[in-house]
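The values are calculated or read from the model by the stated rules, or taken from the named source; none is laboratory data. Bear in mind that the values here come from a model prediction, so they are computed numbers and not experimental data. Note that we place each Cβ from the backbone using ideal geometry, even for glycine, and neighbour counts take in every protein chain shown. Surface areas here come from the heavy atoms of the whole protein model, side chains and all, with no ligands, DNA or RNA. Shrake-Rupley method; radii C 1.70, N 1.55, O 1.52, S 1.80 Å.
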2 protein chains.
Amino acid sequence: MQNESTSAEAAAKTGTIKSAEIVTIGTEMLLGDLVDTNTAWISSHLAPLGVAIYRHTTVGDNQQRIVAAILEAAARADLVITTGGLGPTSDDLTNECLALAAGREMVERPEAREHVDEMFRRFGRTPSPSNYKQAFFPEGAELIPNPLGTAMGALLELDDALVATFPGVPSEMKAMFEETLAPLVKERTDGAIVSRILHFTGIGESALAEKVQDLLDASDPTVAPLASQGKVKLRITARAATPEEAEEKIEPVAEEILSRAGEYYFGVDSETIESALAKLLKKEGATLALAESCTGGLLAKRLTDMSGSSAFFTEGLVTYSNESKENLLGVPHDLLVEHGAVSEPVARAMAEGARKLAGSDFALSVTGIAGPDGGTDEKPVGLVYVGLASGGETAVEKLDLSAWRRSREAIRERTANRAFDLLRRRLADGVNASADR
Amino acid sequence: MQNESTSAEAAAKTGTIKSAEIVTIGTEMLLGDLVDTNTAWISSHLAPLGVAIYRHTTVGDNQQRIVAAILEAAARADLVITTGGLGPTSDDLTNECLALAAGREMVERPEAREHVDEMFRRFGRTPSPSNYKQAFFPEGAELIPNPLGTAMGALLELDDALVATFPGVPSEMKAMFEETLAPLVKERTDGAIVSRILHFTGIGESALAEKVQDLLDASDPTVAPLASQGKVKLRITARAATPEEAEEKIEPVAEEILSRAGEYYFGVDSETIESALAKLLKKEGATLALAESCTGGLLAKRLTDMSGSSAFFTEGLVTYSNESKENLLGVPHDLLVEHGAVSEPVARAMAEGARKLAGSDFALSVTGIAGPDGGTDEKPVGLVYVGLASGGETAVEKLDLSAWRRSREAIRERTANRAFDLLRRRLADGVNASADR
């Protein structure tokens, strides 16, 4: 065992890794029961290591198709990463299929058996016989430690490619990738692929693309547009010997883009509208309260998705009923009767009520019809009012999202984007809290 | 043109469709900028039509690789669905690649050009020259109308397979699939694949699997387990001549599973813990208020993701600061000082305060440390208290999610599941609001 493991380790340390493919294994993905988020995560973590990903494949829990997918990927790429199919149940077939693809036997590995025992001890539970299935691996495979779960992964050379098997549980896969695979890949790459993403809002995809068409046609760096829910991003990608050299190629292109479309720009890479807003609020030392009706807590949820949001976010009120708008926020009963809950005056009163109640510098309010029910000719699904109270004049923006027959989810997400952007622009324009007070 | 279109239409109406593959096109997916949700949606909508999906493939915006992926899929499956790459920019290559794969020319289709004009008129904008790229299709293709956007799709026979191209924008793809492709596929299938998903909570994946191991080993119907964030589901899948016959095969298996693990069962198919809870609340005519700290609006967001939640959800309070817990919910200052915000007494006071303020039958409260910062030895990241006020004795449940080094998102999602389940069990056990009052 010791010798096999060592020879596999030696093999795994030769050959440059330039390309990778990801094979996702699980019938639940093919049946649409589960959205595969692992692949996007792995992709975004391989690119900075200089590894280009040309293909993802998903197959079900079927021996023949898993073996075929692994062999095909190994014939095309230097590195094949599989996720899923390492569990203790009988439809978990990945390591067995890797053994078949490589013409190896499955052998029990004592260290993996010990690991199963140890993980069960740690959580005060007793393994069942099926759990020891996770101690079997293709002969000669190097094991990938799993700090969070019972399923260890396998590393095995196959047709000049390195194949790595990971569990489908995202937290386990990520820890194993970062602790074992990433350092190994780093040693075997030469070069880096670096992407920078510039985020824009308030401009459509094709209008933005036309402003930078010459850059979209260029090949080094490449620039590609992508739109979603009222936002557009441009991804600039460069390949070079080092990450620093790639950044040097990206910088002038990014500057050129911002010189042409800077007025719509709000952030770079993982920036979101709410994280850009959070930075501005922190910089001002200003606080924000929320009063939500049709978004029902989505704005609060998105703010508190960010660790550290307690620095500026004081409280959020989900006033879903009219009584709640009256009693909590002090929206006058007559206003609700006269104009209805989805109206400009009610959005205004909600924002002002929330600001007063929370004693915050700003308050955003949302009232609208997210659908699919509740729309009328006069007030269709997609009609939304967003209010911004700041102590000075309260601004109310009317959004009409009715024309595109959007889903409840899309209307809520787009409304949240617009609401956050309303305050972000206010702060970015330098009309800050103190000037308003 | 007329003849070609008619002959393609005729061709598209022959041959039984038994299997499908999905090809996702877009470098943004390979780089991990975007998670592909289209594939899961399409998969879940093809299976009930009797079409088995054996493989998904994702390739980037690269001519050679798109052509290869389409040809490979067409060689294996009866139906190939592509998503993405139908936009107006120069990296949108799908229809061009379909033409290459089929050895056809690209030709301009007047009806598609008119459609571009019409969509721009509808939204009061003017098309730019690049938009008319969307009027070009492989010669002989049938067009798929797009009621929501400018990008029409193509239907073309290739190597005995039918290839359908769809845009990547989910709302457009879904509308086009439902209005054009689904009816066409329905005419060309014989048989149905039906899945039923049973949802469980309060039991681990392997413990549940062991209770039903003999069923997991069976092949008709198949039963497969899947776990996520404190929930486990079992998917039962049967193939038969008609959906009704498939249901008849599923029914006894579902009954057998429930006879062994019914105490952990909470719902079927698209049921979530919150939708199961919503049904019980509506049945009781009971109302619910929320007081959230570390979940920051997530519970409210999940309740209001459901259309019609206003029937039972009155208001939610996101009391992120201590001041807000005191001022809004009336949590005593001394309690916060003595026990800290993350404590059993504060969870209790929050739930009671929210119930009183909203005048609701029930209130759930959450206070905890979602991380990644803010943890201490005494109160680690993952320590959460969930309170349930009902007018009778207030229940508080302590969750310790610290052992698994979970992400902020996972801790928040799992907490929401547990909080909803606390009230769901209470209601399901028949201890209803009126008995408590």
On the basis of being within 21 Å of B:Ser19 (Cα to Cα) and in a helix (DSSP H, G or I), does B:Leu155 make the cut?
no
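For the subset of the range B:1-33 comprising residues that are of a type in the set (Asp, Glu) and modelled with pLDDT of 80 or more, which member is most open to solvent (accessible area, probe 1.4 Å)? Before you say what the answer is, go through the steps one by one.
Kept after step one, since they are of a type in the set (Asp, Glu), are these residues of the range B:1-33: B:4, B:9, B:21, B:28, B:33.
Filter again for modelled with pLDDT of 80 or more, leaving B:21, B:28.
Details: B:Glu21: 6, B:Glu28: 31 Å².
Only one residue tops the list, namely B:Glu28.
Looking at the range B:237-248, can you tell me whether even one residue there is among the polar types (S, T, N, Q) and under 19 Å from B:Asp421 (Cβ atoms)? First the steps, then the outcome.
Taking the range B:237-248 and keeping what is among the polar types (S, T, N, Q), we get B:237, B:242.
Subset that is under 19 Å from B:Asp421 (Cβ atoms): none.
The answer is no, given that none of the residues of the range B:237-248 is among the polar types (S, T, N, Q) and under 19 Å from B:Asp421 (Cβ atoms).
Test B:Ala286 against the criterion of being among the aliphatic types (A, V, I, L, M), farther than 30 Å from B:Val194 by Cβ and crowded, with 23+ Cβ neighbours inside 10 Å, and give yes or no. First the steps, then the outcome.
Working: among the aliphatic types (A, V, I, L, M): yes; farther than 30 Å from B:Val194 by Cβ: yes; crowded, with 23+ Cβ neighbours inside 10 Å: no.
When the stated conditions are applied, B:Ala286 does not pass them.
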Check B:Phe266, B:Phe177, B:Phe166 and return the single one that is out of contact with any Ser or Thr (no Cβ under 8 Å at 6 or more places or on another chain), at pLDDT 90 or above and aromatic (Phe, Trp, Tyr).
B:Phe177
Just a yes or no: is a residue in the range A:316-331 of a type outside the set (A, V, I, L, M), facing another protein chain (nearest Cβ under 7 Å) and closer than 24 Å to A:Leu280 by Cα?
yes
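Given the structure, is A:Val337 facing chain B (nearest Cβ under 7 Å) and at pLDDT 95 or above? Working first, answer last.
Details: facing chain B (nearest Cβ under 7 Å): no; at pLDDT 95 or above: yes.
The answer is no for A:Val337.
Give the residue, chosen from B:Val163, B:Val169, that is under 32 Å from the mean Cα position of the chain (by Cα), farther than 18 Å from B:Arg109 by Cβ and β-branched (Val, Ile, Thr).
Details: B:Val163 fails: farther than 18 Å from B:Arg109 by Cβ.
Just one listed residue meets the conditions, B:Val169.
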Taking the range B:340-361 on its own, how many of its residues are more than 14 Å from chain A (Cβ to nearest Cβ) and over 16 Å from B:Glu378 (Cβ atoms)?
5
Under 8 Å between Cβ atoms, at least 6 apart or on separate chains: pull out the pairs that start in the range B:112-125 with a residue that is farther than 10 Å from B:Thr150 by Cβ and end on any residue that is in a helix (DSSP H, G or I).
B:Arg113/B:Tyr132; B:Arg113/B:Ala135
Quick check on the range B:275-286. Is at least one of its residues touching a residue at least 40 places away in the same chain (Cβ under 8 Å) and closer than 22 Å to A:Glu292 by Cβ?
yes
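What are the residues in the range A:120-144 that are within 14 Å of chain B (Cβ to nearest Cβ) and under 19 Å from A:Gly85 (Cα atoms), if any?
Matches in the range A:120-144: A:Pro127, A:Ser128, A:Pro129, A:Ser130, A:Asn131, A:Tyr132, A:Lys133, A:Gln134.
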Let me confirm something: among A:Gly204, A:Gly191, A:Gly124, which residue is at pLDDT below 95 and under 23 Å from B:Leu401 (Cβ atoms)?
A:Gly124
In the range A:296-401, which strands (runs of 3 or more DSSP E) lie fully inside it and hold 1 or more residues that are open to solvent by 40 Å² or more (accessible area, probe 1.4 Å)?
A:395-400
